[in-house]
Amino acid sequence: MRDAEDFDTFYATSARRVLAHVSMMVGGQAEAEDAVAEAYLRAWNRWSKISRYDDPEAWVRRVAYRQAVSTWRKAVSRLQAHRRDAVDGHVEALNPDHVAVVEALRRIPAGQRRVIVLHHLAGLSVAEINRETGLPAGTITTWLARGRRALAEHLTEDTAMGREGRDV
């Protein structure tokens with residue numbers, strides 16, 4: 001139990017200082033808080049070894065800084081990958097039918113919406129939906145039928161054309 005008490009004392013006396021240092025190094029409080037929390041968790045997991053270091057606080061500060069930099073690098077890499085994938089940057093406009101279908105799907109119960117999307121948009125069979133969701137096959141077929149009826153009520157020629165029943 002002595003290790004826990006030692007760590008608690010170490011944390012209480014150093015955490016604010018380490019957070020201040022790391023937030024100044026990385027330029028953001030939220031990023032620093034996440035990184036410092038991770039560093040103290042790692043310190044706790046290795047406390048029997050780290051407690052014998054000449055300066056455990058320096059170890060935590062170094063780990064926190066590296067964690068923050070690693071998180072930043074991952075974010076930059078994701079952004080670069082996203083930019084690479086967006087070759088021309090042009091996004092096609094949504095057609096009115098797509099917007100109408102999405103709006104109609106939002107109006108039906110979540111369970112029905114899920115099986116409709118999995119079956120009709122993802123192309124899964126009833127058996128595949130059963131394996132993925134754990135829903136009984138009978139429930140899936142019932143929700144498919146009810147969902148189709150509900151969608152039909154919300155998808156009329158007027159809503160598909162974006163007029164929602166109004167005279168234009």
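The values are calculated or read from the model by the stated rules, or taken from the named source; none is laboratory data. None of these values were measured; they are calculated from a predicted model. Glycine also receives a Cβ, built like all others from the backbone with ideal geometry; neighbour counts cover every protein chain displayed. For the accessible areas, the whole protein counts, side chains as well, though only heavy atoms, and no ligand, DNA or RNA atoms are used. Shrake-Rupley method; radii C 1.70, N 1.55, O 1.52, S 1.80 Å.
Within the option set Arg83, Arg61, Arg46, being charged (D, E, K, R), out of contact with any helix residue (DSSP H, G or I) (no Cβ under 7 Å at 6 or more places or on another chain) and under 30 Å from His21 (Cα atoms) holds for one residue only, Arg46.
Contact map, segment 40-54: residues that are farther than 16 Å from Thr13 by Cβ paired with residues that are open to solvent by less than 100 Å² (accessible area, probe 1.4 Å), Cβ distance under 6 Å, separation 6+ or inter-chain. Pairs shown: Arg42/Val63. Exactly one of these conditions fails for His98: (1) over 24 Å from the mean Cα position of the chain (by Cα); (2) over 30 Å from His119 (Cβ atoms); (3) not polar (S, T, N, Q). Give me its number. Every condition holds for His98 apart from (2). Filtering Ala100, Ala4 for residues that are under 30 Å from Ala145 (Cα atoms), at pLDDT 80 or above and either out of contact with any Asp or Glu (no Cβ under 8 Å at 6 or more places or on another chain) or not in a helix (DSSP H, G or I) (or both) leaves a single hit, Ala100. The condition of being surrounded by 11 or more Cβ atoms within 10 Å (Cβ to Cβ) and within 24 Å of the chain's Cα centre (by Cα) holds for only one of Trp47, Trp72, that being Trp72. Among the residues making up segment 1-24, a single one is within 27 Å of the chain's Cα centre (by Cα) and either open to solvent by 90 Å² or more (accessible area, probe 1.4 Å) or not hydrophobic (A, V, I, L, M, F, W, C) (or both): Ser23.
Taking only segment 110-133 into account, find how many residues are surrounded by fewer than 12 Cβ atoms within 10 Å (Cβ to Cβ) and either of a type in the set (A, V, I, L, M, F, W, C) or in contact (Cβ under 8 Å) with a residue 12 or more places away in the chain (or both). Residues in segment 110-133 being surrounded by fewer than 12 Cβ atoms within 10 Å (Cβ to Cβ) and either of a type in the set (A, V, I, L, M, F, W, C) or in contact (Cβ under 8 Å) with a residue 12 or more places away in the chain (or both): 4 in total.
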